[in-house]
1. Limited to the range 39-78, what total is found for residues that are in contact (Cβ under 8 Å) with a residue 60 or more places away in the chain, among the charged types (D, E, K, R) and within 16 Å of LYS116 (Cβ to Cβ)?
2. If you take the residues of the range 71-101 that are more than 15 Å from the ligand (Cβ to nearest atom) and among the basic types (Lys, Arg), which of them is farthest from GLY396 (Cα to Cα)?
3. Just need a number here: residues in the range 214-236 that are over 18 Å from VAL253 (Cα atoms), more than 10 Å from the ligand (Cβ to nearest atom) and not polar (S, T, N, Q).
4. Can you confirm whether the range 94-109 contains a residue that is β-branched (Val, Ile, Thr) and in contact with a Ser or Thr (Cβ under 6 Å, 6 or more places away or on another chain)?
5. Could you count how many residues in the range 42-70 are out of contact with any helix residue (DSSP H, G or I) (no Cβ under 8 Å at 6 or more places or on another chain) and in a strand (DSSP E or B)?
6. Determine which single condition MET180 fails, assuming it passes every other condition in (1) surrounded by fewer than 18 Cβ atoms within 10 Å (Cβ to Cβ); (2) over 30 Å from SER118 (Cβ atoms); (3) among the aliphatic types (A, V, I, L, M).
7. What tally of residues in the range 173-184 results from selecting those that are more than 10 Å from the ligand (Cβ to nearest atom) and closer than 12 Å to LYS149 by Cβ?
8. Just give me the residues in the range 185-213 being under 13 Å from the mean Cα position of the chain (by Cα) and within 12 Å of the ligand (Cβ to nearest atom), in sequence order.
Amino acid sequence: MVKTESKVAAALDTSGPDREMALWADAHRARVAAVGPCVHLRAIIEFSNYCRQDCLYCGLRRSNAKVARYRMDPDEIVEAAVAAWRVHKFGTFVLQSGEDPGYPPEDLARAIGRIKTSTNAAVTLSVGEAPDADYRLWREAGADRFLLKFETSDPDLFAALKPTTTFAARMGRLLALRDMGYQVGSGIILGLPGQDRISVSRDLLLCAEGEYEMVSIGPFVPHPDTPLGRRVRDQGQTQASAAALAPARTPNVRATLNTIAVARLLTPMAHIPATTALGVVGRQDGAWRGQAARHIAAMGVVGGTGRDGCDRDSQDHTNSPLCDSAREHTEYSGDARYLALLAGANVLMLDVTPREYRNYYEIYPGKPGADGDELAGSVNSAIREIRRLGMSVCPGRGDSPKAPWGRAAQKGEHIGGRQPRCREMELSVRS
Ligand code: SAM
């Protein structure tokens with residue numbers, strides 16, 4: 001299929017559980033074919049919550065005076081990484097912060113270098129827009145990857161929601177990161193005010209065009225101390241007629257999974273996380289659980305082949321235990337992130353920020369996190385859940401499979417950061 005806005009929008013318009021599950025299954029198969037059936041576990045350390053930006057949706061925005069601000073010094077960052085690495089040999093540490101001009105770039109470079117020498121892990125940065133000199137310094141210190149979501153490709157929406165930067169500046173930073181040899185990640189927030197299917201289609205096409213090594217689709221979670229969160233809270237009481245923006249919708253789990261699935265079909269080689277925000281939304285929206293049980297049973301995952309063929313009305317229980325399971329299970333009681341791992345996503349992030357800081361990094365309410373013994377419990381339960389779904393945890397750092405980093409490189413193909421399958425992959429739109 002030609003990757004046009006209308007075709008992508010049609011793929012997102014699944015109207016009904018069966019078409020949705022077919023889309024998730026297609027995405028899961030594409031994921032297994034391109035990046036394998038295993039799940040990458042990443043550890044994230046949120047080391048500073050200072051931010052000079054004033055994004056209308058984010059709890060860390062500079063105007064939010066209710067936030068108690070903190071910075072972990074480089075030693076604390078390294079200690080947190082090493083402590084987490086003792087619990088589990090994470091292949092990647094993600095160092096994330098607000099856009100903190102008060103954090104000396106040299107300090108972050110030191111932390112990166114020491115994490116690289118103390119562990120075998122890769123380092124991903126997620127620290128926002130910074131000058132070339134800083135990006136270069138961190139790259140030379142050993143940073144491997146950088147995640148910078150463009151959030152929305154709609155320039156008007158971007159301008160309204162991110163008044164302290166511009167869409168052009170953000171896209172310019174993504175190009176600079178690419179030029180410096182980072183594995184680059186980008187993506188969007190889903191469920192922003194004014195977003196519709198066409199707008200999200202454009203976002204996904206921009207992700208494909210950028211040929212990003214990581215693509216993140218996170219649902220919007222309202223934060224009560226932000227303008228957008230307040231608008232969501234008030235929207236039942238007042239019509240925001242005079243407001244520049246329509247009220248924000250909270251996206252549901254199914255819409256998020258559909259978008260992740262289409263992102264997978266458009267960017268097969270990308271690493272796509274099952275985001276923390278999805279886990280949070282999944283606890284608030286229960287309308288996906290019955291369908292989840294059916295999808296899990298239907299996929300069976302076994303070797304990533306995906307299979308269904310279960311006649312749900314049949315009384316003949318001899319064909320497959322999975323079919324029995326599909327008939328018997330009416331509700332999935334787990335975390336929506338695991339369902340995303342059967343709908344195109346292949347990465348799970350665990351928050352290993354030390355407890356004393358964790359509650360202050362509140363982008364949105366309801367984020368889980370763990371350290372110490374608690375972390376061992378979280379890692380074990382993540383591994384257990386991944387296995388229960390027929391998958392395993394990927395070994396190694398979890399670099400992009402694209403050249404020059406991954407399998408394609410090992411086979412001697414030079415694809416210059418392109419996604420060869422991307423152009424060939426058919427985005428199947430069921431009618
Ligand atoms: N400062 C860095 C940056 O701008 O990329 C990293 C930190 S920023 C807080 C990380 C991500 O949080 C953003 O890219 C945004 O997508 C997400 N985020 C912020 N507020 C959110 C909300 N209310 N709901 C969902 N995601 C949100």
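Only the coordinates and a few stated rules stand behind these numbers; no lab work does. Since we're looking at a predicted model, the values are computed, not measured. Cβ placement follows ideal geometry from the backbone for every residue including glycine, while neighbour counts extend to all protein chains displayed.
1. Result for the range 39-78: 1.
2. ARG86
3. Matching residues across the range 214-236 total 9.
4. yes
5. Summing the residues that are out of contact with any helix residue (DSSP H, G or I) (no Cβ under 8 Å at 6 or more places or on another chain) and in a strand (DSSP E or B) in the range 42-70 gives 3.
6. Against the list (1) surrounded by fewer than 18 Cβ atoms within 10 Å (Cβ to Cβ); (2) over 30 Å from SER118 (Cβ atoms); (3) among the aliphatic types (A, V, I, L, M), MET180 comes up short only on (2).
7. 2
8. The answer is GLY185, SER186, GLY187, ILE188, ILE189, LEU190.
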